[in-house]
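Peer 1: Take this structure, written in structure tokens, and hold onto it; I'll ask about it next.
Read the figures in this text as sums done on the coordinates, not as results from a lab. For clarity, every value in this text was computed on a predicted model and none was experimentally measured. Note that we place each Cβ from the backbone using ideal geometry, even for glycine, and neighbour counts take in every protein chain shown.
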Amino acid sequence: MDLTQGRSYLAIPGPSVMPEAVLRAMHRAAPNIYEGELIDLTYGLIPDLKMVAGTRHHVAIYIGNGHAAWEAALANVISRGEKVLVPASGRFGYGWSEIAEGLGAQTQIIDFGRQSPIDSERVADALAADTGHEIKAVLAVHVDTSTSARSDIAALRKAMDAVGHPALLMVDCIASLGCDRFEMDAWGVDVMVAASQKGLMVPPGLGFVFFNDKAAAVRESMPRVSRYWDWTPRANPEFYYQLFCGTAPTHHIYGLRAALDMIKAEGLEHIWARHEILARAIWAAVEAWGQDGPMRLNMADPAHRSHAVTSLHLGAPHGTVLRRWTQDQAGLTLGIGLGMSTDADPAGDGYFRFGHMGHVNAQMILGLLATVQSGLVALSIPHGPGGIEAASAVIAGA
Ligand SMILES: *Cc1c(COP(=O)(O)O)cnc(C)c1O
């Protein structure tokens, strides 16, 4: 019997759950975009965004999704024909490199497969081999949302410095910002891209590009940057309309203000710790189920797992069948497997994902896990006992 009435839970890796405070802040008539509250509200977002990113440098805001932020970042520092190095730990590394190719860049991909983070030493080797310094930037994804691999960005910076290569370090934190620890300046990141609809808990529609002075200098040396993508007037506006190169994303501004207020009230350290504990509860349950059945965490080493998204293997067609069950019988929507197709499983039905980013607490994760276990029972998918007990122990011990 279908038991879906009640509040549903969209547990996919973005868009994430929106807090009531964000929804309420956005529920209003169109505001004046020429003067008044909206203007001050917008300028007030800037220091708080930088705080979340761990930078004292610059941020440009775009009306667009993560793909827009990818393109915006590249358009400011990469000219047609220039080379970028892309260490890929899943589908999203490829996605960013495709955007670079569309802008006319030459891409060199190092593929770390679907179950490994970026190996900084191999990136350093590739940079050391580039004696002519043709590589202008390294495009790294902090948390690849398809595999749930989390890479060590500070280590990547150290490895780049060790070979003395001048390439920019550009990092995609779309899945990780506001979930997994990230410190832009302390880790030596030159450019970072993020979007509104994951850890920032706002609807899709805002992209953010953070950049330091080294990246700003590269921008200044560019022969041409499209007027719309140019980050310079957005980051240093003389007039309000330059911030967005046109009409402001009015309602997103109100929503983001509410979300940043929540982030400041909780504090980044607490937010990072909360995501880690909830992730550990998930891992504990899955490991118990996997003791006597096919369920596996895609990332074997906890040190390389995201705290915001978890990619799981159950074997085709069980991943898709389980997702159907939790949605149709219990009001829980899980993420599809992404970038995980194989010859034996061309549609990637063997994989699925939990999104646990942003506005997520213990009861939601325990509900998610108990619902998944119910699905395993209902569908007679073999699994070990004790999954919920293992998760509860993590939550109880927090
Ligand atoms: C979601 C995501 C993107 C793409 O964002 P869109 O808003 O869907 O364009 C890019 N990179 C990562 C790591 C993501 O999680």
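Peer 1: Tilt of helix 250-266 relative to the longest C-alpha principal axis of the chain, in degrees (0 to 90, nearest 10)?
Peer 2: Helix 250-266 and the main axis of the chain meet at about 70 degrees.
Peer 1: As I understand it, the value is the acute angle between the Cα axis of helix 268-290 and the longest principal axis of the Cα atoms of the chain; what does it come to in degrees, rounded to 10?
Peer 2: 40 degrees
Peer 1: Could you order the peptides 51-59, 254-262, 96-104 from most to least packed, using the average number of other C-beta atoms within 10 Å per residue? Write out the running numbers ahead of the final one.
Peer 2: Working: 51-59: 19.0, 254-262: 21.6, 96-104: 17.2.
Highest-to-lowest ranking by the protection proxy: 254-262, 51-59, 96-104.
Peer 1: Got the relative contact order for the chain handy, in percent, Cα pairs under 8 Å and 6 or more residues apart?
Peer 2: Details: 840 pairs, mean separation 93.1, N = 398.
For the chain, the relative contact order is 23 percent.
Peer 1: Give, in nm to one decimal, the length gained when the segment between ARG80 and ALA344 is fully stretched (0.36 nm per residue of separation minus the Cα-Cα distance).
Peer 2: Contour length minus the Cα-Cα distance gives 91.2 nm.
Peer 1: Sticking with this structure for a sec: For the chain, what's the radius of gyration and Dmax over Cα atoms, in angstrom?
Peer 2: Both quantities, over Cα of the chain: 21.3, 66 Å.
Peer 1: What residue among ALA60, ALA140, ILE174 has its Cα farthest toward the positive end of the dipole of region 31-264, where the charges are +1 on Lys, Arg and -1 on Asp, Glu, each on the Cβ?
Peer 2: Final value for the positive-end residue is ILE174.
Peer 1: When the chain is fully extended, how far beyond the present Cα-Cα distance does ARG227 get from GLU101, taking 0.36 nm per residue of separation?
Peer 2: Numbers: separation 126, 0.36 × 126 = 45.36 nm, distance 1.99 nm.
Value of the extension gain: 43.4 nm.
Peer 1: What percent of all Cα-Cα pairs in region 189-291 falls in each 10 Å bin, counting up from 0?
Peer 2: P(r) for region 189-291, in whole percents per bin: 12, 30, 30, 17, 8, 3, 0.
Peer 1: Show the residues, 5+ positions off or on another chain, whose built amide H is closer than 5 Å to the amide H of ASP111.
Peer 2: The list, which skips near neighbours in sequence, is ALA88.
Peer 1: On a full-extension model of 0.36 nm per residue, what is the gain between VAL377 and THR247, subtracting their alpha-carbon distance, rounded to one decimal in nm? Please report the intermediate quantities before stating the final value.
Peer 2: Details: separation 130, 0.36 × 130 = 46.80 nm, distance 5.17 nm.
Stretched fully, the VAL377-THR247 segment lengthens by 41.6 nm.
Peer 1: Mind checking the angle between helix 387-396 and the chain's longest principal axis? C-alpha axes, 0 to 90 degrees, to the nearest 10.
Peer 2: Value to nearest ten degrees: 60.
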